[in-house]
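**Student:** What follows is a single structure, and I will ask about it in a moment.
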Amino acid sequence: MTQLELQKVSKFFGGLAAISRLDLQVQQGEIIGLIGPNGAGKTTTFNVITGELRPNEGEVIFEGQDITGLRPHQVATLGIVRTYQLVTLFPGYTALKNVLVGLHLGARIGFAEAILNSRSHQRKELHLYRQAQEILNFFNLQAVADEPAENLPHGLQRKLGVAIALAARPKMLLLDEPLTGMNPNEVLEMIATIRRIRDRNGITVVVVEHNMRAVMALCERIVVINFGVRIAEGAPQDIQANKQVVEAYLGSDSHAA
Ligand SMILES: Nc1ncnc2c1ncn2[C@@H]1O[C@H](COP(=O)(O)OP(=O)(O)O)[C@@H](O)[C@H]1O
Ligand SMILES: [Mg+2]
């Protein structure tokens, strides 16, 4: 089943078409890669899906509903949750508290209500606290539950970022370069974690990533864009052998390694 569809979506910045009449279909439960050289329009595509940018033309359809132009919190409420290219955590909060913030987003409890901590609220809080611990376990982060996020090594911070996104109970996760700055072991572990998120929770995953080898290992289907236009789509082995794709990467300053 097609869960998300972009129909001829364009986004202009002044005279520049960051994405141009872009068609994209994401199937429920798949792990799909969106790749392309630097400046190809990958992050813009995410911003248009999440409502952070309003497209100049085209439609974004999620589960049969036209979500074009909805505000980011409305899109998140419908079940599309993203992570950012740069780590975005509450640095002074512990890992556990960061996940609790994500859970509050998913539980749709006001942040004010959450920190007021009224008596009627405490039972719900205990439940969320247990859930936060479960999520940390899922990500193998239980040992650092009480560490402030800012003290964690970079790889664990990125993992925590995904944990927060998962805590919001998405139907679809958009991950913007989740492997950046990771060492090879961290990359392998993150790939396994993303697969488990999909396998155990049935969550659809859209990954933007520069690390080509990792994308090939992780994704079942790949869409390639260059200068905001889709140039290829297919299984990883087809994409690897696609001449246009190879040329797009060789012709840019980014690395296809
Ligand atoms: N807010 C913005 N204002 C102006 N230009 C932008 C903005 N965001 C992105 N761009 C431009 O749009 C193009 C696509 O950017 P982006 O989507 O970030 O690419 P990618 O994520 O594939 O590297 C680039 O040329 C970039 O400079
Ligand atoms: Mg980007």
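**Student:** Assuming ILE61 fulfils every condition listed in (1) under 19 Å from ALA145 (Cβ atoms); (2) of a type in the set (Val, Ile, Thr); (3) outside any loop (DSSP other than H, G, I, E, B) apart from one, which condition is it?
**Tutor:** Unmet for ILE61, out of (1) under 19 Å from ALA145 (Cβ atoms); (2) of a type in the set (Val, Ile, Thr); (3) outside any loop (DSSP other than H, G, I, E, B): (1).
**Student:** May I pose another question? How about the range 198-256: which of its residues are open to solvent by 80 Å² or more (accessible area, probe 1.4 Å) and farther than 30 Å from ASN56 by Cα? Give the steps one after another, and end with the answer.
**Tutor:** Of the range 198-256, the ones open to solvent by 80 Å² or more (accessible area, probe 1.4 Å) are 199-201, 213, 227, 230, 233, 237-238, 240-241, 243-244, 247, 250, 253, 255.
Result: ASP199, ARG200, ASN201, ARG213, GLN237, ASP238, GLN240, ALA241, LYS243, LEU250, HIS255.
**Student:** I'd like the full set of residues that are in a loop (DSSP other than H, G, I, E, B) and open to solvent by less than 50 Å² (accessible area, probe 1.4 Å), limited to the range 150-164.
**Tutor:** Just the residues of the range 150-164 that are in a loop (DSSP other than H, G, I, E, B), to begin with: 152-153.
Residue satisfying the conditions is LEU152 alone.
**Student:** Restricting to the range 165-197, count the residues that are surrounded by fewer than 19 Cβ atoms within 10 Å (Cβ to Cβ), in a loop (DSSP other than H, G, I, E, B) and among the small types (Gly, Ala, Ser).
**Tutor:** So the count comes out to 1.
**Student:** Looking at ALA217 and the list (1) within 16 Å of ligand 1 (Cβ to nearest atom); (2) more than 15 Å from the chain's Cα centre (by Cα), which single condition is not satisfied?
**Tutor:** Answer for ALA217: the failing condition is (1).
**Student:** List pairs: first residue in the range 201-218 and over 14 Å from ILE49 (Cα atoms), second residue within 13 Å of ligand 2 (Cβ to nearest atom) and polar (S, T, N, Q) anywhere in the structure, Cβ distance under 9 angstrom, at least six positions apart or on different chains.
**Tutor:** Final answer for the pair search is GLU209/THR180; HIS210/ASN38; HIS210/THR180; HIS210/SER254; ASN211/THR180.
**Student:** Additional query: Inside the range 25-34, can you point out the residues that are open to solvent by less than 10 Å² (accessible area, probe 1.4 Å) and away from ligand 2 (no atom under 11 Å from the Cβ)? Spell out the reasoning first.
**Tutor:** In the first step, residues of the range 25-34 are kept if they are open to solvent by less than 10 Å² (accessible area, probe 1.4 Å); the result is 26, 31-34.
VAL26, ILE31, ILE32, GLY33 - these are the residues of the range 25-34 that are open to solvent by less than 10 Å² (accessible area, probe 1.4 Å) and away from ligand 2 (no atom under 11 Å from the Cβ).
**Student:** With respect to LEU22, determine if the residue is under 23 Å from CYS219 (Cβ atoms), out of contact with any Phe, Trp or Tyr (no Cβ under 6 Å at 6 or more places or on another chain), more than 16 Å from ligand 2 (Cβ to nearest atom) and touching a residue at least 24 places away in the same chain (Cβ under 8 Å). First the steps, then the outcome.
**Tutor:** Values: under 23 Å from CYS219 (Cβ atoms): yes; out of contact with any Phe, Trp or Tyr (no Cβ under 6 Å at 6 or more places or on another chain): yes; more than 16 Å from ligand 2 (Cβ to nearest atom): no; touching a residue at least 24 places away in the same chain (Cβ under 8 Å): yes.
Answer is no for this residue.
**Student:** Name the residues in the range 189-228 that are touching a Ser or Thr at 6+ places or on another chain (Cβ under 9 Å) and away from ligand 2 (no atom under 15 Å from the Cβ), would you?
**Tutor:** Answer for the range 189-228, where residues must be touching a Ser or Thr at 6+ places or on another chain (Cβ under 9 Å) and away from ligand 2 (no atom under 15 Å from the Cβ): just ARG198.
**Student:** Could you look through the range 3-19, keep only residues that are open to solvent by 40 Å² or more (accessible area, probe 1.4 Å) and within 20 Å of GLY51 (Cβ to Cβ), and pick out the one that is nearest to ligand 2 (Cβ to nearest atom)? Can you show your working first?
**Tutor:** Restricting attention to the range 3-19, the residues satisfying the condition of being open to solvent by 40 Å² or more (accessible area, probe 1.4 Å) are 5, 7-8, 12-16.
Okay, now just the ones that are also within 20 Å of GLY51 (Cβ to Cβ), so 5, 7-8, 12-13.
On the way: GLU5: 21, GLN7: 22, LYS8: 21, PHE12: 17, PHE13: 14 Å.
Once the filter is applied, the top-ranked residue is PHE13.
**Student:** Could you run through the range 37-58 and say how many residues are β-branched (Val, Ile, Thr) and more than 10 Å from ligand 1 (Cβ to nearest atom)? Walk me through how you get there before you give the answer.
**Tutor:** Just the residues of the range 37-58 that are β-branched (Val, Ile, Thr), to begin with: 43-45, 48-50.
Next cut, more than 10 Å from ligand 1 (Cβ to nearest atom) only: 49-50.
Result for the range 37-58: 2.
**Student:** Turning to a different aspect of this structure: Identify, please: which residue in the range 40-49 is over 20 Å from MET1 (Cα atoms) and touching a residue at least 60 places away in the same chain (Cβ under 8 Å) and is, among those, nearest to ligand 2 (Cβ to nearest atom)?
**Tutor:** Keep residues of the range 40-49 that are over 20 Å from MET1 (Cα atoms), which gives 40-48.
Subsequent filtering for residues that are touching a residue at least 60 places away in the same chain (Cβ under 8 Å) retains 40-46.
Working: ALA40: 8, GLY41: 9, LYS42: 5, THR43: 3, THR44: 8, THR45: 9, PHE46: 8 Å.
Going through the qualifying residues, I end up with THR43.
The values are calculated or read from the model by the stated rules, or taken from the named source; none is laboratory data. Predicted model, so just to flag it, every value in this text is computed and none were measured. All Cβ positions, glycine included, derive from the backbone under ideal geometry; neighbour counts span all protein chains shown. Protein only, heavy atoms only, side chains kept; ligands, DNA and RNA dropped before computing areas. Shrake-Rupley method; radii C 1.70, N 1.55, O 1.52, S 1.80 Å.
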